[in-house]
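**Student:** Structure in structure tokens, see below.
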Amino acid sequence: MADGARFEGDIQLEPPTVKSPETVPAAEDHAYLAFIVSALIIAIAGGFLLAILLPLAETGLFGWSERVPQLIQAHGWAQLQGWAGLFVAGMSTRLIPRFAGRPGVRRNVILPILAALAPSVVIRTVVEPFVGGRLGDVLTVVAGILGGLGMLGVWALLSVTLAKGRKRREPWRYFAWAGASWWAVWAAFTVGAALKSIGNDRYVPASLDDALTWIVIFGCVGNFVFGVQSRSVPVFFGRKTPTVKRVLIPGLMLNAGPLLVALSLLPLSGALSFRLEGGGLAIAGLAAAWLAPIAGSVHGTAHRLRPRSRAASRYVLGANIATIAGGLCLAWAGLHTLASGGYEAYAFRDAARHAFGIGMITMLAFGMAQLIAPVFALSRAEARPPGLAERLPFWLLVAAVILRMLTGLLADHAALDVRMRTAAVAGALAWLALVLFATTVMRAIRNEPRMKELLAGMVHGGGEQ
Ligand code: HEM
């Protein structure tokens, strides 16, 4: 820690160097890496690759035009279950036991969850646009069941950890409880979506698919985004971590929003259903915009971090600023939908989806991994300044999020061809950012043994933390 000072609520970064009695050494430190590496592979070879190909297919540039609806869902699925979901599952099953003062989760408990989640999303992404007929239907159901089992695994593991862990009144616990519960809901929806797509060219009915997107973004991912940030990010920027009282109302809204969206799927009159959905989107959007500055950070310098780590804190700022932009766009779309009782504001919904997807999820994943994942401990301790591979992805993602939000916002004002070609450029920039980030992860994995020696040396020499 800079200047040796320690503040209450500090996140203790590298367990080998921290002698606090509250720090529980993890029995298993590496399983989360299997999740991160799988998430990166699926993002690079699936979700972000489709982010380039899918908009070009929408322009009719090559022969996939008739598959576009399925390609859109495959892209959404790969990004949410594959990229965001695996990343959150890996990091949360690594971090939450630490936060709760529990021993690390054993490899033989955690890897079966990955073995269910990863193939599920791979099968779903490939089969939905490309495998027709009975085989396609059967594989879709297999993918749904596998995914559902993996999601239940995440729910069970986190719930047991939280139930047995320390019971301090800290915001992260409530976010984590809520987030874990949404993973059980996600499991049910994943199986349900697969069943509903049978006999429909594997296409999930649009209202169910759309609702699921928001349930995942806010319930299954958002709760961890704000829970994990609330415990560490304000400290990086020299501020106090928020109290339960401070996050109570936006935290409740963050969960009430997706709940209303889920309820909108009940067999109700069309207008009532849209009003429920609109209200849910507005509440959740406002909650995200509210939480970004208080649980995360949107300004300032991360002066509590070593100079070497400060570049990574930019990702956190960028992610939270994008979260505010996305939250406001979604609140706007939600209020219009609520008022009219019909589907409204496609442009703002699409912009919001990608402010959250590229900004809140991808930027934050890059930043938090570099700031708190144990595998980056050596990079954080190195004397050399961050290299191009660490700095460039930030600017690539900034450009990608701006371009992709614009292609959404201009839906009613610019020609489809222009918008989709711009989206493909955004996709290529984001894809490159992913590849560069993956190289820094692989480098960190390769250097881990050296890191352990170095950290052990620091402990014996009474070095900094
Ligand atoms: C620069 C990167 C990206 C590009 C270029 C891109 C492009 C697209 C395009 C063209 C669509 C279809 C829009 C339409 O015609 O209605 C779409 C939908 C979608 N995208 Fe992205 N996307 C990107 C990144 C992401 C990320 C990172 C996520 C989430 C983590 C994400 C989640 C979604 C979702 C959930 C949908 C809707 C899927 C559905 O309707 O089932 N996207 N994206």
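The values are calculated or read from the model by the stated rules, or taken from the named source; none is laboratory data. Everything numeric here is computed off the predicted structure, so don't read it as measured data. Neighbour counts are summed over all protein chains in view; Cβ atoms, including those assigned to glycine, are modelled from backbone coordinates with ideal geometry.
**Student:** Can you confirm whether Trp177 is surrounded by fewer than 19 Cβ atoms within 10 Å (Cβ to Cβ), assigned to a helix (DSSP H, G or I), at pLDDT 95 or above and out of contact with any strand residue (DSSP E or B) (no Cβ under 7 Å at 6 or more places or on another chain)?
**Tutor:** Details: surrounded by fewer than 19 Cβ atoms within 10 Å (Cβ to Cβ): yes; assigned to a helix (DSSP H, G or I): yes; at pLDDT 95 or above: yes; out of contact with any strand residue (DSSP E or B) (no Cβ under 7 Å at 6 or more places or on another chain): yes.
Yes: the conditions hold for Trp177.
**Student:** Take Leu158 and tell me if it is crowded, with 20+ Cβ neighbours inside 10 Å, part of a helix (DSSP H, G or I) and in contact (Cβ under 8 Å) with a residue 24 or more places away in the chain. Quick ask: steps written out before the conclusion?
**Tutor:** Details: crowded, with 20+ Cβ neighbours inside 10 Å: yes; part of a helix (DSSP H, G or I): yes; in contact (Cβ under 8 Å) with a residue 24 or more places away in the chain: yes.
Yes: the conditions hold for Leu158.
**Student:** Let me ask another. Residue by residue through region 330-346, note down the ones that are under 25 Å from the mean Cα position of the chain (by Cα) and loosely packed, with under 15 Cβ neighbours inside 10 Å.
**Tutor:** Tyr346
**Student:** Might you let me know whether region 186-196 holds any residue that is at pLDDT 95 or above and part of a loop (DSSP other than H, G, I, E, B)?
**Tutor:** In the first step, residues of region 186-196 are kept if they are at pLDDT 95 or above; the result is 186-196.
From the residues that got through so far, the ones that are part of a loop (DSSP other than H, G, I, E, B) too are none.
No; the residues of region 186-196 include none that is at pLDDT 95 or above and part of a loop (DSSP other than H, G, I, E, B).
**Student:** Now for a different question. Looking at (1) hydrophobic (A, V, I, L, M, F, W, C); (2) assigned to a loop (DSSP other than H, G, I, E, B); (3) under 19 Å from the mean Cα position of the chain (by Cα), which is the only condition Ala438 fails?
**Tutor:** (2)
**Student:** For region 262-274, does any single residue satisfy the condition of being buried (at least 20 other Cβ atoms within 10 Å of the Cβ), under 19 Å from Phe348 (Cβ atoms) and out of contact with any strand residue (DSSP E or B) (no Cβ under 7 Å at 6 or more places or on another chain)?
**Tutor:** The answer is yes; a qualifying residue exists.
**Student:** Condition check: basic (Lys, Arg), surrounded by fewer than 19 Cβ atoms within 10 Å (Cβ to Cβ), more than 9 Å from the ligand (Cβ to nearest atom) and under 30 Å from Gly60 (Cα atoms). Does Arg421 satisfy that? Can you show your working first?
**Tutor:** Details: basic (Lys, Arg): yes; surrounded by fewer than 19 Cβ atoms within 10 Å (Cβ to Cβ): yes; more than 9 Å from the ligand (Cβ to nearest atom): yes; under 30 Å from Gly60 (Cα atoms): yes.
For Arg421, the condition - basic (Lys, Arg), surrounded by fewer than 19 Cβ atoms within 10 Å (Cβ to Cβ), more than 9 Å from the ligand (Cβ to nearest atom) and under 30 Å from Gly60 (Cα atoms) - is met.
**Student:** Ok, one more. Condition (residue is at pLDDT 95 or above and within 13 Å of the ligand (Cβ to nearest atom)) applied to region 223-234: is it met by at least one residue?
**Tutor:** Scanning region 223-234 turns up at least one residue that is at pLDDT 95 or above and within 13 Å of the ligand (Cβ to nearest atom).
**Student:** Only one of these is under 21 Å from Leu305 (Cα atoms), in contact (Cβ under 8 Å) with a residue 24 or more places away in the chain, assigned to a helix (DSSP H, G or I) and not small (Gly, Ala, Ser): Val401, Val375. Name it. Spell out how you get there, then give the answer.
**Tutor:** Working: Val401 fails: under 21 Å from Leu305 (Cα atoms).
Of the residues listed, the single one that is under 21 Å from Leu305 (Cα atoms), in contact (Cβ under 8 Å) with a residue 24 or more places away in the chain, assigned to a helix (DSSP H, G or I) and not small (Gly, Ala, Ser) is Val375.
**Student:** Can you tell me which residue among Ala415, Ala433 is of a type outside the set (Asp, Glu), within 19 Å of the chain's Cα centre (by Cα) and within 16 Å of the ligand (Cβ to nearest atom)?
**Tutor:** Numbers: Ala415 fails: within 19 Å of the chain's Cα centre (by Cα).
That would be Ala433, the only listed residue that is of a type outside the set (Asp, Glu), within 19 Å of the chain's Cα centre (by Cα) and within 16 Å of the ligand (Cβ to nearest atom).
**Student:** I'd like the full set of residues that are among the polar types (S, T, N, Q) and surrounded by fewer than 16 Cβ atoms within 10 Å (Cβ to Cβ), limited to region 52-75. Full working, then the answer.
**Tutor:** Looking only at region 52-75, we keep the residues that are among the polar types (S, T, N, Q), and these are 59, 65, 70, 73.
Answer for region 52-75, where residues must be among the polar types (S, T, N, Q) and surrounded by fewer than 16 Cβ atoms within 10 Å (Cβ to Cβ): just Ser65.
**Student:** Moving on to the next point. Pick out the one residue from Leu49, Leu61, Leu53, Leu71 that is within 15 Å of the ligand (Cβ to nearest atom), outside any helix (DSSP H, G or I) and not polar (S, T, N, Q).
**Tutor:** Numbers: Leu49 fails: outside any helix (DSSP H, G or I); Leu53 fails: outside any helix (DSSP H, G or I); Leu71 fails: outside any helix (DSSP H, G or I).
Result of the check over Leu49, Leu61, Leu53, Leu71: Leu61.
**Student:** So, in region 301-329, exactly how many residues are surrounded by fewer than 21 Cβ atoms within 10 Å (Cβ to Cβ) and of a type in the set (S, T, N, Q)?
**Tutor:** Total satisfying the criteria: 1.
**Student:** Is it true that some residue in region 343-356 is without any contact (Cβ under 8 Å) to a residue 60 or more places away in the chain, away from the ligand (no atom under 11 Å from the Cβ) and closer than 22 Å to Ile72 by Cα?
**Tutor:** Yes, region 343-356 contains at least one residue that is without any contact (Cβ under 8 Å) to a residue 60 or more places away in the chain, away from the ligand (no atom under 11 Å from the Cβ) and closer than 22 Å to Ile72 by Cα.
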